[in-house]
Amino acid sequence: MQLNYFPINIEFEKFQIFTEAYSEERLAELRNLHNATHSFFRSGDTIFISNKDADGNLTIGKIEEQSTYGNANITASLIKHLFFRTFKDRFPNHTPVDFYPFRFFSGQQKDDIIYDALPDKLKNRIAYKKLIELQLRLTEINGKKQFGFLINIRRNWIFDKTCAELHAENYNLIGVEVLYAETLPGLNNILAPNEEFVGEIKDIVNTKAKVSTNEGEKEYELNELFIRKTKFNIGNYLTFASSQQKSDEVLRIIESKREDIYNPKKLYNEISNTAKALFTDKGEPILFQNKDGFCFTVNATALTVTNSIELRTPTFIFDPAATKTINTYPDNGLNNFGPYDSSIFDIKSPNVLCICNKSIRGNFTQFLSNLKDGLPQSKYFQKGLQKKYDLHNVTFDVKEIQTNALYDYLNVIREYDDNKPHLAIIEIPESFKLQSDQINPYYQIKAKLLSLEIPVQFVTTRIVYNHSEYILNSIALQIYAKLGGTPWVLPTQRSVDRELVIGIGHSWLRKNQYAGSESNRVVGITTFLSSDGQYLLGDKVKDVAFENYFEELLKSLKDSIQRLSSEQGWSDGDTVRLIFHIFKPIKNVEFDVISQLIKDIALYKIKFAFVTIGNIHPTMLFDINQKGIASYGNNIPKGEYIPNRASNVFLDSETCIVQMLGANELKTSKHGMSKPIQIKIRTPQGNYNNSELNDMLFYDLSYITQQIFSFTYLSWRSFLPAEEPATMKYSNLISKLLGKMRNVQGWDADKLNYGLKRKKWFL
């Protein structure tokens, strides 16, 4: 396997650099006087100075010795500045978009896939081009510390006509979303202007536009504004400047080439060619150097890696005695053995309220029959919900509605006279997806039923008409979990330690995407799973603002530990391991707070780890020996150059990347490149002093990585393994739904903390 990582070669353990004491005024003065030849950057109370091009006789500051890897932040800054200045010297016609991450557009005409389709007057003014990005990383792969550049490539729109030009062409700018472009002082023709999405043009007077922003109405010069580079906006302008036919043709070209430009093999070759162009000249490595003796070269060949550990697909267990197990697919286990908790599940004859539009009752009742009793000729769903999950009798009470208006659904729910159902199955039209969250009947119906402690399964009209064994199989799995069932569990890790895995998820709520928009990160507090993946509880479910989440977590954690210790029979002196799967890096103060909490719970010896899990990172894995797998209905193989699921690399002692979607997991070749997830154990940063903390932290990256990989088989939304573990999936689903429903009149999230606490109502 290969990473998109190109190692940097530095031949010395220490280097010398000139420095001065930091002050804001002195830094500005130095940059004003010597920016053409020197780089100046700050770290702490010191200004560091790199002489790239000035006469060696010019001395600024005093010389200091630094450790190459001991003072890695200083070394990293030097590398970035030397790379930037060397790039500008070698490619003077390229204006980078950003200094860091370093981004620039390809200058080659062939990399503009719409060039030939555009009218001559718009060529090079509008483009859809290759955007190249470099990020610097310090790694410790196989025990070797090394800096390296990560290269990524994607495609972006270029549209360099100002709103002043568009206005002069009589293009209607009223109601158009715009960017404000500001050239930073001293960076003209060195960096592209900084663009900020400010709002929507409401009026134009002479050379100024009145723009509706999140800070009220503001005026901007038209020559400082650009239309927001979206498919919609550029398509509209192309229609104005040429024709609807030409606009459709250009947009169709982009869509038709999407599979090709995101093809993993092609992406690998583009990254390799970019590295050769940036790091070599006529086949020889480029020496990046300044006049103070700091220098490096960069390998033009990507780093080759092997799996750091062997990640194992877990065994699936279908009875508390662990005598009924399977090592292949959990679906086979359910067909052979039934669910894990069959012998103790207390809703053996669920009563299900079903609501559909009267016009499709025939198809809806057929759907329900197939769901309950299965499809006799199918491979995966012969038994149906009732037999597959060892239920005695599933009763469907079908109610018709005249229209798909919200009040029709709510009237049925309000007037339902029979015993409270255990679950509701609601048919809804596809058009609900097009409505805004505030008025969407989906969330209002869900809020109403959940407030009555009734979990709900929605099915669209399209699914009612076109359901298959695969769809029915997934719906039945979700229904059993929503009723409170446990379809399967994983083997517990053999350990004398107790363990809880705690997921903390989030979702963003924003008024709009304009600069200055108030955004509330809603945090799902929180899901607790045992080490075998059993969903223990979702304690004190509520939508908590980002700034308050940690306080709520502590309240939740203390109560939950007390409850779970009683339920599971913990003994005084037991070692308890808390592994937090969390969406954000942890601040040092949060380590302090958890440390204090642990000291307050003196009955147990508690160790903990904060682990972030996500795919927002620049690292990719390629396997040039992967030839791809035949894709159903497509001549192009899927997954070419994509490593198998479970491929992994430890980037350092705290960070691992794991490929979750390999060639077998991709649906079609149109998926493009599949990024691995990044697992990172978080530790305190900077000058942090807490002598007691080290004994509390759990550092075993191999153990944590295997556990997270195993937990990706536990989502119970589907039988297929997921990209993220159930801890994060559950918490994110909870927070997303709570965020959507928080504006529903009469909704109270506290309702979820009673009858639904141990049910997977959020699936």
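Just name the residue that is modelled with the lowest pLDDT out of those in the stretch 737-761 that are aliphatic (A, V, I, L, M) and part of a loop (DSSP other than H, G, I, E, B).
In this case the residue turns out to be Leu756.
Within the stretch 459-490, work out how many residues are within 28 Å of the chain's Cα centre (by Cα), not hydrophobic (A, V, I, L, M, F, W, C) and not in a helix (DSSP H, G or I).
3
Would you mind finding the one in Lys675, Lys760 that is open to solvent by less than 30 Å² (accessible area, probe 1.4 Å), of a type in the set (Lys, Arg) and touching a residue at least 24 places away in the same chain (Cβ under 8 Å)?
Lys760
Filter the stretch 240-266 down to residues that are without any contact (Cβ under 8 Å) to a residue 60 or more places away in the chain and either open to solvent by 40 Å² or more (accessible area, probe 1.4 Å) or over 16 Å from Pro119 (Cα atoms) (or both), then give me how many there are.
To start, the set of residues in the stretch 240-266 that are without any contact (Cβ under 8 Å) to a residue 60 or more places away in the chain comprises 243-245, 247-248, 251-252, 255-256, 260, 266.
Within this subset, residues satisfying the condition of being either open to solvent by 40 Å² or more (accessible area, probe 1.4 Å) or over 16 Å from Pro119 (Cα atoms) (or both) are 243-245, 248, 252, 255-256, 260, 266.
Total meeting the criteria: 9.
Working carefully through the options Asn290, Asn307, Asn299, find the one that is under 21 Å from Val658 (Cβ atoms), of a type outside the set (A, V, I, L, M, F, W, C) and in contact (Cβ under 8 Å) with a residue 24 or more places away in the chain.
Matching residue, one of Asn290, Asn307, Asn299: Asn307.
Any residue at all in the stretch 239-257 that's modelled with pLDDT under 90 and in contact with a Phe, Trp or Tyr (Cβ under 7 Å, 6 or more places away or on another chain)?
Checking the stretch 239-257: at least one residue is modelled with pLDDT under 90 and in contact with a Phe, Trp or Tyr (Cβ under 7 Å, 6 or more places away or on another chain).
Which residue out of Asp45, Asp55 is among the charged types (D, E, K, R) and farther than 20 Å from Asp292 by Cβ?
Asp45
So, restricting to helices (runs of 4 or more DSSP H) that lie completely within the stretch 336-429, which ones have at least 2 residues that are under 28 Å from Ser451 (Cα atoms), free of Cβ contacts under 8 Å to residues at least 24 places away in the same chain and more than 38 Å from the chain's Cα centre (by Cα)? Steps first, answer last, please.
On the way: elements: 361-373, 384-388, 406-414.
Per the criteria, 406-414.
Among what's in the stretch 661-670 and is out of contact with any helix residue (DSSP H, G or I) (no Cβ under 8 Å at 6 or more places or on another chain) and aliphatic (A, V, I, L, M), pick the residue that is nearest to Gln146 (Cα to Cα).
My answer is Ala663.
Identify, from the list Ile439, Ile471, the residue that is open to solvent by 40 Å² or more (accessible area, probe 1.4 Å), closer than 24 Å to Gln386 by Cβ, out of contact with any Gly (no Cβ under 8 Å at 6 or more places or on another chain) and among the aliphatic types (A, V, I, L, M).
When all the criteria are applied, what remains is Ile471.
Of the residues Ala181, Ala209, which is assigned to a strand (DSSP E or B), modelled with pLDDT under 85, open to solvent by less than 20 Å² (accessible area, probe 1.4 Å) and more than 30 Å from Ser67 (Cα to Cα)?
Just a single option satisfies the conditions, and that option is Ala181.
Just to be sure I understand, how many residues within the stretch 38-67 are open to solvent by less than 30 Å² (accessible area, probe 1.4 Å) and more than 20 Å from Thr86 (Cα to Cα)?
Matching residues across the stretch 38-67 total 3.
Report yes if some residue within the stretch 79-96 is open to solvent by less than 60 Å² (accessible area, probe 1.4 Å), more than 20 Å from Lys130 (Cα to Cα), at pLDDT below 90 and among the aliphatic types (A, V, I, L, M); otherwise report no.
Looking for residues that are open to solvent by less than 60 Å² (accessible area, probe 1.4 Å), more than 20 Å from Lys130 (Cα to Cα), at pLDDT below 90 and among the aliphatic types (A, V, I, L, M), one finds none in the stretch 79-96, hence no.
Go through Gly70, Gly107 for me and flag whichever is assigned to a loop (DSSP other than H, G, I, E, B), open to solvent by 30 Å² or more (accessible area, probe 1.4 Å) and under 21 Å from Asp281 (Cβ atoms).
On inspection, the qualifying residue turns out to be Gly107.
Taking the stated definitions as given, is Ser436 closer than 29 Å to Asp346 by Cα and among the polar types (S, T, N, Q)?
So Ser436 does not fit the description; no.
Restricting to the stretch 110-128, name every residue that is open to solvent by 30 Å² or more (accessible area, probe 1.4 Å) and either in a strand (DSSP E or B) or within 18 Å of Phe6 (Cα to Cα) (or both).
Matches in the stretch 110-128: Lys123 only.
Results for (1) assigned to a strand (DSSP E or B); (2) farther than 14 Å from Ala76 by Cα; (3) among the aliphatic types (A, V, I, L, M), shown as yes or no for each residue.
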| site | (1), (2), (3) |
| --- | --- |
| Glu11 | no, yes, no |
| Ile17 | yes, no, yes |
| Glu20 | yes, yes, no |
| Leu33 | no, yes, yes |
| Phe41 | yes, no, no |
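Test Asn393 against the criterion of being loosely packed, with under 15 Cβ neighbours inside 10 Å, modelled with pLDDT of 90 or more and in contact with a helix residue (DSSP H, G or I) (Cβ under 8 Å, 6 or more places away or on another chain), and give yes or no.
Answer is yes for this residue.
When you scan the stretch 588-634, how many residues do you find that are out of contact with any Pro (no Cβ under 6 Å at 6 or more places or on another chain), acidic (Asp, Glu) and farther than 22 Å from Met728 by Cα?
Summing the residues that are out of contact with any Pro (no Cβ under 6 Å at 6 or more places or on another chain), acidic (Asp, Glu) and farther than 22 Å from Met728 by Cα in the stretch 588-634 gives 2.
Checking the conditions here, which among Lys584, Lys605, Lys627 is open to solvent by 10 Å² or more (accessible area, probe 1.4 Å) and closer than 30 Å to Asn269 by Cα?
After applying the criteria, what remains is Lys627.
Of everything in the stretch 129-140, what is surrounded by 16 or more Cβ atoms within 10 Å (Cβ to Cβ) and acidic (Asp, Glu)? Give them in sequence order.
Glu133
Kindly list, by first and then second residue, each pair from a residue in the stretch 690-717 that is modelled with pLDDT of 85 or more and open to solvent by less than 40 Å² (accessible area, probe 1.4 Å) to a residue that is assigned to a helix (DSSP H, G or I) and not hydrophobic (A, V, I, L, M, F, W, C), limited to pairs with Cβ atoms under 9 Å and residues at least 6 apart or on different chains.
Close Cβ pairs (under 9 Å, with a partner that is assigned to a helix (DSSP H, G or I) and not hydrophobic (A, V, I, L, M, F, W, C)) amount to Ile708/Thr727; Phe711/Thr727; Phe711/Lys729; Thr712/Lys729; Tyr713/Pro330.
So that you can scan it fast, the table gives a plain yes or no per residue for (1) touching a residue at least 60 places away in the same chain (Cβ under 8 Å); (2) among the hydrophobic types (A, V, I, L, M, F, W, C):
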position: Leu150; (1), (2): yes, yes
position: Lys161; (1), (2): yes, no
position: Glu182; (1), (2): no, no
position: Asn206; (1), (2): no, no
position: Glu217; (1), (2): no, no
position: Leu238; (1), (2): yes, yes
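Which of the numbered conditions does Phe147 fail, given that it passes all the others? Conditions: (1) modelled with pLDDT under 90; (2) open to solvent by less than 40 Å² (accessible area, probe 1.4 Å).
(1)
Residues that are among the charged types (D, E, K, R), at pLDDT 85 or above and within 30 Å of Arg312 (Cβ to Cβ): does the stretch 469-488 have at least one?
Initially, the stretch 469-488 is screened for residues among the charged types (D, E, K, R), giving 469, 482.
Pick out the ones that are also at pLDDT 85 or above and you get 469, 482.
Subsequent filtering for residues that are within 30 Å of Arg312 (Cβ to Cβ) retains 469, 482.
Yes, some residue in the stretch 469-488 is among the charged types (D, E, K, R), at pLDDT 85 or above and within 30 Å of Arg312 (Cβ to Cβ).
Any idea how many residues of the stretch 576-594 are under 22 Å from Gly686 (Cα atoms) and touching a strand residue (DSSP E or B) at 6+ places or on another chain (Cβ under 9 Å)?
Of the stretch 576-594, the ones under 22 Å from Gly686 (Cα atoms) are 580, 582-594.
Next cut, touching a strand residue (DSSP E or B) at 6+ places or on another chain (Cβ under 9 Å) only: 580, 582-586, 590-591, 594.
Selection size over the stretch 576-594: 9.
The values are calculated or read from the model by the stated rules, or taken from the named source; none is laboratory data. What you are looking at is a predicted structure, and each value in this text was computed from that prediction instead of being measured. Please note: Cβ atoms are built from the backbone with ideal geometry, for glycine as well, and neighbour counts cover all protein chains shown. The accessibility values were calculated without ligands, DNA or RNA, using every heavy atom of the protein model including side chains. Shrake-Rupley method; radii C 1.70, N 1.55, O 1.52, S 1.80 Å.
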